[in-house]
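Enquirer: Encoded as structure tokens, here's the structure I'll be asking about.
The values are calculated or read from the model by the stated rules, or taken from the named source; none is laboratory data. All figures in this text were calculated on a predicted structure; none of them were measured in a lab. In this analysis, Cβ positions are derived from the backbone assuming ideal geometry, glycine residues included, and neighbour counts consider all displayed protein chains. Ligands, DNA and RNA are stripped out before the accessible areas are found, and what is left, the full protein with its side chains, is counted by its heavy atoms. Shrake-Rupley method; radii C 1.70, N 1.55, O 1.52, S 1.80 Å.
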Amino acid sequence: MLIKLTGGKIYDPAHGINGKVKNIYIRDGKIIQPPKGRMKVDKEYILNGKIVMAGAIDLHTHIGGGKVNLARTLMTHEHRTDPHPQTTLKRSGSGHATPDTLSAGYRYAEMGYTTCFEPALLPSNARQSHMEMADTPMLDTGGYALLGSDDFLLKMLADNADQSAINDYVAWTLHASQCIGIKVVNPGGINAFKFNQRSLDVDEDNQYYNISPRDIIRSLSRAIHELGVPHPLHVHCSNLGVPGNFESTLATMDAAEGHPIHLTHIQFHSYGTEGERKFSSAAAQIAEAVNRQKHISMDVGQILFGQTATISGDSMKQYTNHQHAHPKKWICMDIECDAGCGIVPFRYRDKDFVNALQWAIGLELFLLADDPWRIFLTTDHPNGAPFTSYPHLIRLLMDRSFRNDMLAHINPLAKQHTILDTLDREYSLYEIAIMTRAAPAKILGLKDRGHLAKNALADITVYDPQDNIEAMFEKPLYVFKSGELIVEKGQLKKIVRGKTQVVRPDYDISIEKKLNRYFNRYHTMKLSNFKISDDEMAEGIGSPVKVHACKDRIA
Amino acid sequence: MTFKNITCPFCGLACDDLTVSAKQNKLDILAGQCTLNRAGFNQALWEKTSTAMMQGKEIAHATAIDKAASLLKKSEAPLIGGLITDVNGVRTAMALADACGAVIDHQDSQAIFRNTRVLQDTGWMTTTLTEVRNRADLVIMIGSQVLDDYPRFFERIIQPKPQFRKKPRQIILLGSWDGRKIPAELKGDNTTVIKTPMESVAEVIAALRATLAERVLDNNQFGGMNSSAIQELAFQLKESQYSVFTWSAKEFDMPHSELVIEQLVELIKDLNTTTRSSGLPLGGSNGSISANQVCTWQSGIPLRSSFAQGQPQHDALLFDSQRLLKNAEADLLLWVSSLRSDQPPPDTDIPTIAIGHPATQFKRLPEIFIPVGIPGIDHTGHTFRMDGVVTLPLHKLRETSLLSAADVLSQLTARIS
């Protein structure tokens, strides 16, 4: 079947195309070159100036796994008041900040997203995470395996293991847990909390292993680089949410020693201690450091006002944050000598000084970062706000007068402490297409998506231009997934299921001997049952894998 | 054929270190045997049917699906219960519940909700099996049913030397140990038994909380402990580096027991202001954690939910399956129990469709019985462990002509949609 999208304005930053009118041809789920000669077009969509982008990619969204399910339980009260009725196509569901898996898939697709990544997949909880994502229809998914507070790695570091052995363990973890990247959360800190340490700065030691976050960042960022894994180490820095933590964030950048790293939800890590409330924006310092160091990328984790639930692997900091829980209930877990988690419901209020300044800090970071290829649009769903608020966030970035109207309503003291009103920048559609399509595909090593050239998956979103950019991004005119029309005028047309995106770096299988001894001695599960096979992914779990290439391993 | 590292699906520990020798009519557990898995594997050998039945008479599979689908379509208040199955059994049961507007619940939800209501209302601090095994220097085990319900808990979790502690682990057994034998592996200097009826556990916990908060106690006896014993225990908890409280909600069989669990959860939170402490709720047998997890991720709300209004609605009292059956508020029961032959549908007057273990011992013949394979013996699958974190793969040990519960439930959903 040959499909033609005729006369759309194409935004394809991967190929430098900025609003040029072009036709797109689709066959067998992929974009093809314009056929030569006369070919029968089976279905044509006349787009006359409609905006065409690749399907959007969310590189950091908590959509599946044990802690998300705990958050759903903690938010039962909200789910009661927000049911999603069944339709002829859709299963029913519920919840706003922590929706069920089916609703999350539908809603992402309705907003033009076609690929999403769960950023904190605990290897010990990998099956649940993949099963939840398999039950998230419409989307291709993937996960970043959490390392850096697991006792096995910390023991290796404490024993001064060779870097090549660490590389083998990192690669083994990617294979065993069927992941595409490695995430580190409060490096060594989740582990230190189990030994009753309550904070851990970049150069402080985990008291049991005598290993610092700096050691962990250095070794893991180097491992990712040497293994040829495309996505840089995905880092949730030390001291999340602590005033003055921008210094830890700068130290973390330094700890990578020039290896690529991605700093996630950096808004929560860009706080100073100035002013009468000893809480201030350090967005300028952070943006300057990222602008200067080309091996560093970041996503923002923008907060938007309203009720949400914060879900994190950072049990140490979430334990401290429980004092701010709204409503007053919270969960903390220590998990399997692997990691941990903490869930704290939050209500961000525009009249609250701290919340209002957090909002401004996120926007400052967006507007001060000079390279849209190295900054990504996220709310750290649902931690800063639910993903459903992306269209609103895009408007804040693209529409200065709208932004200033919003700024007028926030806590007056916070307003005095932000430079937001001096920032004139308005993001262009081209830059939004970079941040939400081309750049995430590039930084994850996904050559088959995020662009609109020959051989790309026909994951395509078409928008009807409107003055209100929020309305435009909320309801795309068409969304195609692998060439199939799945959404029309913001309404679901067809249910499809995605695949799990993974990478497979080379490693020396003899690492399993050491791991097997460790598992038999300390774990409550066998190594053979810890690993997830491709068959299990496809059949039992229900999401077949799609392998993306790594570069050659260099050490 | 001999299989190694096989997962046992018969309790919430989900031990995955079994060695099983499997022939068509014989399943021998060569390593990792316990009373529960012995029984579970034995049931798989009992005389069984592989043919669907209508009121005890054999019928073709396709006819059984047709009849079951028409009963579901006709029903105005269907109830999907039991859910004693694997993860994919529950995933497909959820799709069916949504398609036919059913209430969905698990057989053991009474115990599940003693915990879930606390989790919903206050949250908690908990831990997992590997953490307890390696980190806990003090384990306070509330109740004594652990011996029957999780036979290998001591061997696999408590006995091994903790990785991170130099001194031996201290064990406190708090509960009604009258007439019960303390397990041999726990007899020793490191175990203390505090005999207290389950009804008095709340008193002990409250006294501990008050003592930790430096309040003066105006009583001298708390569930059989005097105030100096309480003070000693409070001191021990404060001094320990990682204490763990275990409890089985099933054992708190008394009105408003969720309030006892809430007290316990708050005690753990109190202790964490200065040291580390965690809870480990024992549960997950009969696939109950699997059922609650899947229900929560697919609908956003836990078990005891209804899809009758075309959208999920959760009410822990209203949609309790036992209550619905007792008060005749359901007009059709679809019972899923593929793991166990001794968990048949409850005796009820309403028409019943059973999707179950091939050797199910019925109290009353159901209208429709579709026998299915046993997860972890006849087909692969998954089961959640008690800690709700680890999902173990279940293995296929023998050939069978039987479909899985998930296959049959999917056929039913396709048939009525």
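Enquirer: Right, residue A:476: closer than 30 Å to residue A:163 by Cβ, open to solvent by less than 50 Å² (accessible area, probe 1.4 Å) and in contact (Cβ under 8 Å) with a residue 60 or more places away in the chain or not? Lay out the reasoning, then the answer.
Expert: Details: closer than 30 Å to residue A:163 by Cβ: no; open to solvent by less than 50 Å² (accessible area, probe 1.4 Å): yes; in contact (Cβ under 8 Å) with a residue 60 or more places away in the chain: yes.
Against the criterion (closer than 30 Å to residue A:163 by Cβ, open to solvent by less than 50 Å² (accessible area, probe 1.4 Å) and in contact (Cβ under 8 Å) with a residue 60 or more places away in the chain), residue A:476 does not qualify.
Enquirer: May I pose another question? When region B:379-411 is examined, which residues are found to be without any contact (Cβ under 8 Å) to a residue 60 or more places away in the chain and in contact with a Lys or Arg (Cβ under 9 Å, 6 or more places away or on another chain)?
Expert: The answer is B:379, B:380.
Enquirer: Considering (1) assigned to a helix (DSSP H, G or I); (2) within 11 Å of chain A (Cβ to nearest Cβ), say which one residue B:154 fails and leave the rest.
Expert: Checking residue B:154 against (1) assigned to a helix (DSSP H, G or I); (2) within 11 Å of chain A (Cβ to nearest Cβ), the one that fails is (2).
Enquirer: Restricting attention to region B:174-184, which residues are under 17 Å from residue B:140 (Cβ atoms) and either touching a helix residue (DSSP H, G or I) at 6+ places or on another chain (Cβ under 7 Å) or not in a loop (DSSP other than H, G, I, E, B) (or both)?
Expert: Within region B:174-184, B:174, B:175, B:176, B:183 meet the criteria.
Enquirer: Between residues in region B:87-100 that are more than 10 Å from chain A (Cβ to nearest Cβ) and residues that are among the β-branched types (Val, Ile, Thr) and part of a helix (DSSP H, G or I), which pairs lie under 7 Å by C-beta distance while being six or more apart or on different chains?
Expert: The qualifying pairs are B:90/B:294; B:92/B:413; B:96/B:413; B:100/B:416.
Enquirer: May I pose another question? Taking the condition free of Cβ contacts under 8 Å to residues at least 24 places away in the same chain, farther than 24 Å from residue A:378 by Cα and either open to solvent by less than 30 Å² (accessible area, probe 1.4 Å) or assigned to a loop (DSSP other than H, G, I, E, B) (or both), does residue A:257 pass?
Expert: On the way: free of Cβ contacts under 8 Å to residues at least 24 places away in the same chain: no; farther than 24 Å from residue A:378 by Cα: yes; either open to solvent by less than 30 Å² (accessible area, probe 1.4 Å) or assigned to a loop (DSSP other than H, G, I, E, B) (or both): yes.
It is false that residue A:257 is free of Cβ contacts under 8 Å to residues at least 24 places away in the same chain, farther than 24 Å from residue A:378 by Cα and either open to solvent by less than 30 Å² (accessible area, probe 1.4 Å) or assigned to a loop (DSSP other than H, G, I, E, B) (or both).
Enquirer: Restricting to helices (runs of 4 or more DSSP H) lying wholly in region A:344-450: which have 1 or more residues that are modelled with pLDDT of 95 or more, open to solvent by 10 Å² or more (accessible area, probe 1.4 Å) and in contact with an Asp or Glu (Cβ under 6 Å, 6 or more places away or on another chain)?
Expert: The helices (runs of 4 or more DSSP H) meeting that bar are A:390-398, A:400-408.
Enquirer: Considering each of B:260, B:265 in turn, give the residue that is in a helix (DSSP H, G or I), within 14 Å of chain A (Cβ to nearest Cβ) and buried (at least 22 other Cβ atoms within 10 Å of the Cβ).
Expert: Result: B:265 is the single residue among B:260, B:265 that is in a helix (DSSP H, G or I), within 14 Å of chain A (Cβ to nearest Cβ) and buried (at least 22 other Cβ atoms within 10 Å of the Cβ).
Quick grid of which residues meet (1) assigned to a loop (DSSP other than H, G, I, E, B); (2) more than 23 Å from residue B:39 (Cα to Cα); (3) open to solvent by 10 Å² or more (accessible area, probe 1.4 Å):
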| residue | (1), (2), (3) |
| --- | --- |
| B:334 | no, yes, no |
| B:341 | yes, no, no |
| B:348 | yes, yes, yes |
| B:362 | yes, no, yes |
| B:365 | yes, yes, yes |
| B:382 | no, no, no |
| B:407 | no, yes, yes |
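Enquirer: Still on this structure: Taking the condition of being of a type in the set (Lys, Arg) and farther than 17 Å from residue B:389 by Cβ, how many residues in region A:517-530 meet it? Before the answer, list the steps.
Expert: Looking only at region A:517-530, we keep the residues that are of a type in the set (Lys, Arg), and these are A:517, A:521, A:526.
From what is left, the residues that are farther than 17 Å from residue B:389 by Cβ are A:517, A:521.
Residues in region A:517-530 being of a type in the set (Lys, Arg) and farther than 17 Å from residue B:389 by Cβ: 2 in total.
Enquirer: So, one more: Would you mind finding the one in A:101, A:114 that is crowded, with 24+ Cβ neighbours inside 10 Å, within 7 Å of chain B (Cβ to nearest Cβ) and in contact with a helix residue (DSSP H, G or I) (Cβ under 9 Å, 6 or more places away or on another chain)? So that I can check it myself, show each step before the final result.
Expert: Numbers: A:114 fails: within 7 Å of chain B (Cβ to nearest Cβ).
It is A:101.
Conditions (1) closer than 24 Å to residue A:200 by Cβ; (2) not β-branched (Val, Ile, Thr), marked per residue:
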position	(1), (2)
A:286	yes, no
A:315	yes, yes
A:331	yes, no
A:340	yes, yes
A:350	no, yes
A:373	no, yes
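Enquirer: Please go through region A:534-554 and pick out each residue that is assigned to a loop (DSSP other than H, G, I, E, B) and surrounded by 15 or more Cβ atoms within 10 Å (Cβ to Cβ).
Expert: If the condition is that a residue be assigned to a loop (DSSP other than H, G, I, E, B) and surrounded by 15 or more Cβ atoms within 10 Å (Cβ to Cβ), then A:542, A:543, A:544, A:550, A:553 are the ones that fit.
Enquirer: Select, from B:2, B:85, B:7, B:49, the only residue that is of a type in the set (Ser, Thr, Tyr), at pLDDT 95 or above and open to solvent by 10 Å² or more (accessible area, probe 1.4 Å).
Expert: Details: B:85 fails: open to solvent by 10 Å² or more (accessible area, probe 1.4 Å); B:7 fails: open to solvent by 10 Å² or more (accessible area, probe 1.4 Å); B:49 fails: at pLDDT 95 or above.
That would be B:2, the only listed residue that is of a type in the set (Ser, Thr, Tyr), at pLDDT 95 or above and open to solvent by 10 Å² or more (accessible area, probe 1.4 Å).
Enquirer: A further question follows. Go through region B:5-60 and count every residue that is outside the structural domain of residue B:363 (by TED's automatic domain parsing), assigned to a loop (DSSP other than H, G, I, E, B), out of contact with any strand residue (DSSP E or B) (no Cβ under 8 Å at 6 or more places or on another chain) and more than 20 Å from residue B:340 (Cβ to Cβ).
Expert: Final tally of qualifying residues: 1.
Enquirer: Same structure again: Name every residue in region B:199-209 that is touching a residue at least 40 places away in the same chain (Cβ under 8 Å) and either open to solvent by 20 Å² or more (accessible area, probe 1.4 Å) or outside any helix (DSSP H, G or I) (or both), in order of residue number.
Expert: Within region B:199-209, B:199, B:202, B:206, B:209 meet the criteria.
Enquirer: Evaluate the following for residue B:55: is it surrounded by fewer than 18 Cβ atoms within 10 Å (Cβ to Cβ), at positive phi, modelled with pLDDT under 95 and not hydrophobic (A, V, I, L, M, F, W, C)?
Expert: Working: surrounded by fewer than 18 Cβ atoms within 10 Å (Cβ to Cβ): yes; at positive phi: yes; modelled with pLDDT under 95: yes; not hydrophobic (A, V, I, L, M, F, W, C): yes.
Here the answer is yes, as residue B:55 does meet what is asked.
Enquirer: On the given criteria, is residue B:298 within 9 Å of another protein chain (Cβ to nearest Cβ) and either in contact (Cβ under 8 Å) with a residue 24 or more places away in the chain or in contact with a Lys or Arg (Cβ under 6 Å, 6 or more places away or on another chain) (or both)?
Expert: yes
Enquirer: Output the number of residues of region A:291-331 satisfying the condition of being in a strand (DSSP E or B) and within 24 Å of residue A:192 (Cα to Cα).
Expert: Step one: list which residues in region A:291-331 are in a strand (DSSP E or B), which gives A:296-299, A:306-312, A:331.
With within 24 Å of residue A:192 (Cα to Cα) added as a condition, the list becomes A:310-312, A:331.
Selection size over region A:291-331: 4.
Enquirer: Report, by residue number, each residue of region B:106-134 that is of a type in the set (D, E, K, R) and either more than 7 Å from chain A (Cβ to nearest Cβ) or under 15 Å from the mean Cα position of the chain (by Cα) (or both).
Expert: Here is the first cut: in region B:106-134, the ones of a type in the set (D, E, K, R) are B:108, B:114, B:117, B:121, B:131, B:133.
Across region B:106-134, the qualifying residues are B:108, B:114, B:117.
Enquirer: How many of the residues making up region A:282-305 are open to solvent by 10 Å² or more (accessible area, probe 1.4 Å) and more than 24 Å from residue A:259 (Cβ to Cβ)? Step through it out loud before you land on a result.
Expert: Of the residues in region A:282-305, the ones open to solvent by 10 Å² or more (accessible area, probe 1.4 Å) are A:284-285, A:288, A:291-295, A:304-305.
Next cut, more than 24 Å from residue A:259 (Cβ to Cβ) only: A:284, A:304-305.
Residues in region A:282-305 being open to solvent by 10 Å² or more (accessible area, probe 1.4 Å) and more than 24 Å from residue A:259 (Cβ to Cβ): 3 in total.
Enquirer: Let me ask something else. Checking residue B:278 against (1) open to solvent by less than 10 Å² (accessible area, probe 1.4 Å); (2) more than 20 Å from the chain's Cα centre (by Cα), only one condition comes out false. Which one?
Expert: (2)
Enquirer: Here is a further query. Just the residues that are facing another protein chain (nearest Cβ under 7 Å) and open to solvent by less than 10 Å² (accessible area, probe 1.4 Å), please, taken from region A:74-97.
Expert: From region A:74-97, those facing another protein chain (nearest Cβ under 7 Å) are A:74, A:76, A:79-80, A:83-86, A:91-95; that's our starting set.
Across region A:74-97, the qualifying residues are A:74, A:76, A:79, A:92, A:93, A:94, A:95.
Enquirer: Is one or more of the residues making up region B:186-199 under 28 Å from residue B:8 (Cα atoms) and either in contact with an Asp or Glu (Cβ under 6 Å, 6 or more places away or on another chain) or outside the structural domain of residue B:386 (by TED's automatic domain parsing) (or both)?
Expert: Going residue by residue through region B:186-199, those that are under 28 Å from residue B:8 (Cα atoms) are B:186-187.
Filter once more, keeping what is either in contact with an Asp or Glu (Cβ under 6 Å, 6 or more places away or on another chain) or outside the structural domain of residue B:386 (by TED's automatic domain parsing) (or both): B:186-187.
Yes, that holds for at least one residue.
Enquirer: Another one. Of the residues B:234, B:249, only one is closer than 22 Å to residue A:335 by Cβ, away from every other protein chain (no Cβ under 14 Å) and open to solvent by less than 10 Å² (accessible area, probe 1.4 Å); which? Walk me through how you get there before you give the answer.
Expert: Details: B:234 fails: closer than 22 Å to residue A:335 by Cβ.
The conditions single out B:249.
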